[in-house]
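Laboratory data are not the source of any read-out in this text; all were calculated from the coordinates shown. Worth saying up front: this structure is predicted, and the values here are computed from it rather than measured. Cβ coordinates were reconstructed from backbone atoms using ideal geometry, including for glycine residues, and neighbour counts include every protein chain displayed.
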Ligand SMILES: [Zn+2]
């Protein structure tokens, strides 16, 4: 990838995450020559991802399935649409970083569950400690990457 500022080819990716609701990947790049940063967008179609279901049938990866799965689990929690979108972005980012072309649906399911547990700890802790008064014995959420 050529640097738009100095034209040198030595640039590297410092961050990548889904954009346009998963239709593209936004990459932050830095030029090794002039240290300037710039952003590129790459279409996700270049990384076709197939999900293998329990009965071994395959279907194209669909971001909205993750989103609706989270929504179903979250409708009784105090979680905003923005938070659901954020969680989906983070899960999707992790999926893309694996760079697999095929993925078991159960693996994606586990990622969603893990993410929900993190959010549970974040959203339920203040309530729990308010009621109990004392400290908690729940695991703390790991530090967020972003
Ligand atoms: Zn440069």
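How much length is gained on full extension from residue 17 to residue 120, taking 0.36 nm per residue of separation minus their Cα-Cα distance?
Numbers: separation 103, 0.36 × 103 = 37.08 nm, distance 2.35 nm.
Taking residue 17 through residue 120 to full extension adds about 34.7 nm, to one decimal.
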One finds the C-alpha centres of segment 68-111 and segment 3-20 to be spaced, in Å, by 26 Å
Calculate, in whole percent, how much of the Cα-Cα pair population of segment 1-76 lies beyond 20 Å. 52 percent
Calculate the spin-label point distance for residue 9 paired with residue 99, positioning each point 7 Å from the Cα along the beta-carbon direction, and give it in nanometres. 1.9 nm
Label point 7 Å out from residue 55 along Cα-to-Cβ: which residues of segment 92-119 have amide N under 20 Å? 103-109
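I need 10, 89 ordered by Cβ neighbour count within 10 Å, fewest first. Numbers along the way, then the final one.
Values: 10 13, 89 19.
Listing 10, 89 from fewest to most nearby Cβ atoms yields 10, 89.
Fewest first, what order do 106, 80, 16 take by the number of other Cβ atoms within 10 Å? Could the numbers behind the result be given before it?
On the way: 106 12, 80 9, 16 16.
Going from sparsest to densest Cβ surroundings: 80, 106, 16.
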